[in-house]
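One structure is given below, encoded as C-alpha cells.
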Amino acid sequence: DAGITQSPRYKITETGRQVTLMCHQTWSHSYMFWYRQDLGHGLRLIYYSAAADITDKGEVPDGYVVSRSKTENFPLTLESATRSQTSVYFCASSGQEIYGYTFGSGTRLTVV
Amino acid sequence: DAKTTQPTSMDCAEGRAANLPCNHSTISGNEYVYWYRQIHSQGPQYIIHGLKNNETNEMASLIITEDRKSSTLILPHATLRDTAVYYCIVRDTGANSKLTFGKGITLSVRP
C-alpha cells in the first residue's frame, strides 16, 4: 500500500537495550524526518534526511542514530535506551521543500 | 523559523465555521504559513499552506492578512471529527528549513 508506515506500533524495552524503529515510505520522497512527542514538550525534531546517505541533527539528537541507505527507509536507533526516551515517535516524509509533510501513525515506545 | 502565537483553546458548534487565528508578526518575506492538525494519538496531518495569497482546498481556507503578520484557518462546516490540536507554523523553504511545532490550539467541536 502506498504511504508511510512505521513499525512497530508499540514497543516496550528495557533500559540499556538497543532498539530500532522503522520508517518506510513508498513515494520516493527525498526528505524524511523523525520527531518525538512528549507531554509538555510537543513535537521535537530528532533527525532528518534530505536524501539517501544525507542525514543531519535536529533539536534533540542525543542518544539516537539514524541511517538512510535507501530513499524509502529511515530507521531510528536508540543505542542504549533510557527511561527519558519513553515517548511517541513520528516519522514523516516530504517530496519537496515547499510541500507539506506526511506523517506516519507513530510508534509508542516505553523504556522500563 | 519565525515564532507563532495561538490561543490555547477554542470551541465551536458542529456545522458552524471554525476560525482559528494565528499571529506571526516577525514573519519574513520568504516564509510560508503552514497549518497542521493532530487528532488524538494520530500523526499530524497537513492541512494547507500559503505565502501571501489566500488559499483554499478541500479541507480548509487560509486567510493571510496583507501585512502577513497574522492568518486565520477556516474550517467552513466543523464536524465532531475536526476536534484536534491545530498547529500554525511558519517556515522558509531553504535547504535546512524544517517544521518546528509549537503548542498549537485545541479546537473542540461541540454537538
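Considering only segment B:100-111, state which residues are farther than 17 Å from B:THR26 by Cβ, crowded, with 19+ Cβ neighbours inside 10 Å and at the interface with another protein chain (Cβ under 8 Å from one of its Cβ atoms).
Within segment B:100-111, B:PHE101, B:GLY104 meet the criteria.
Out of curiosity, is A:TYR99 touching a residue at least 12 places away in the same chain (Cβ under 8 Å), of a type outside the set (A, V, I, L, M) and either closer than 20 Å to B:THR100 by Cβ or within 14 Å of another protein chain (Cβ to nearest Cβ) (or both)?
No, not satisfied.
What tally of residues in segment B:65-87 results from selecting those that are among the basic types (Lys, Arg) and in contact with a Pro (Cβ under 6 Å, 6 or more places away or on another chain)?
Selection size over segment B:65-87: 0.
Find the strands (runs of 3 or more DSSP E) located wholly in segment B:1-70 whose residues include 2 or more that are within 14 Å of chain A (Cβ to nearest Cβ), and list them.
Per the criteria, B:32-38, B:45-50.
Here's the yes/no breakdown for (1) of a type outside the set (Gly, Ala, Ser); (2) farther than 14 Å from B:SER108 by Cβ; (3) touching a residue at least 12 places away in the same chain (Cβ under 8 Å); (4) touching a Ser or Thr at 6+ places or on another chain (Cβ under 6 Å):
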{"residue": "B:SER9", "(1), (2), (3), (4)": "no, no, yes, yes"}
{"residue": "B:LEU20", "(1), (2), (3), (4)": "yes, no, yes, no"}
{"residue": "B:ASN30", "(1), (2), (3), (4)": "yes, yes, yes, no"}
{"residue": "B:TRP35", "(1), (2), (3), (4)": "yes, yes, yes, no"}
{"residue": "B:GLY43", "(1), (2), (3), (4)": "no, yes, no, yes"}
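Scan segment A:1-27 for residues that are within 15 Å of A:PHE74 (Cβ to Cβ) and surrounded by fewer than 17 Cβ atoms within 10 Å (Cβ to Cβ) and jot them down.
If the condition is that a residue be within 15 Å of A:PHE74 (Cβ to Cβ) and surrounded by fewer than 17 Cβ atoms within 10 Å (Cβ to Cβ), then A:GLY3, A:THR5, A:SER7, A:THR20, A:MET22, A:THR26, A:TRP27 are the ones that fit.
If A:THR107 satisfies every condition in (1) buried (at least 20 other Cβ atoms within 10 Å of the Cβ); (2) modelled with pLDDT of 95 or more; (3) within 13 Å of another protein chain (Cβ to nearest Cβ); (4) more than 12 Å from the chain's Cα centre (by Cα) but one, which is the exception?
(4)
For segment B:52-80, what are the residues that are out of contact with any helix residue (DSSP H, G or I) (no Cβ under 6 Å at 6 or more places or on another chain), touching a residue at least 40 places away in the same chain (Cβ under 8 Å) and of a type outside the set (Ser, Thr, Tyr)?
Matches in segment B:52-80: B:ARG68, B:LYS69, B:LEU73, B:ILE74, B:PRO76, B:HIS77, B:ALA78, B:LEU80.
How many residues are of a type in the set (Asp, Glu) and within 14 Å of chain A (Cβ to nearest Cβ) if we restrict to segment B:71-99?
Result for segment B:71-99: 1.
Could you tell me which of the residues A:ARG36, A:ARG68 is assigned to a strand (DSSP E or B), touching a strand residue (DSSP E or B) at 6+ places or on another chain (Cβ under 9 Å), buried (at least 16 other Cβ atoms within 10 Å of the Cβ) and among the charged types (D, E, K, R)?
Only one candidate qualifies: A:ARG36.
Residue by residue through segment A:73-100, note down the ones that are of a type outside the set (A, V, I, L, M, F, W, C), outside any strand (DSSP E or B), at pLDDT 95 or above and crowded, with 16+ Cβ neighbours inside 10 Å.
A:PRO75, A:GLN85, A:THR86
The values are calculated or read from the model by the stated rules, or taken from the named source; none is laboratory data. Keep in mind that this is a model prediction, so the values were computed, not measured. So basically every Cβ, Gly included, is an ideal-geometry build from the backbone, and we count neighbours across all protein chains shown.
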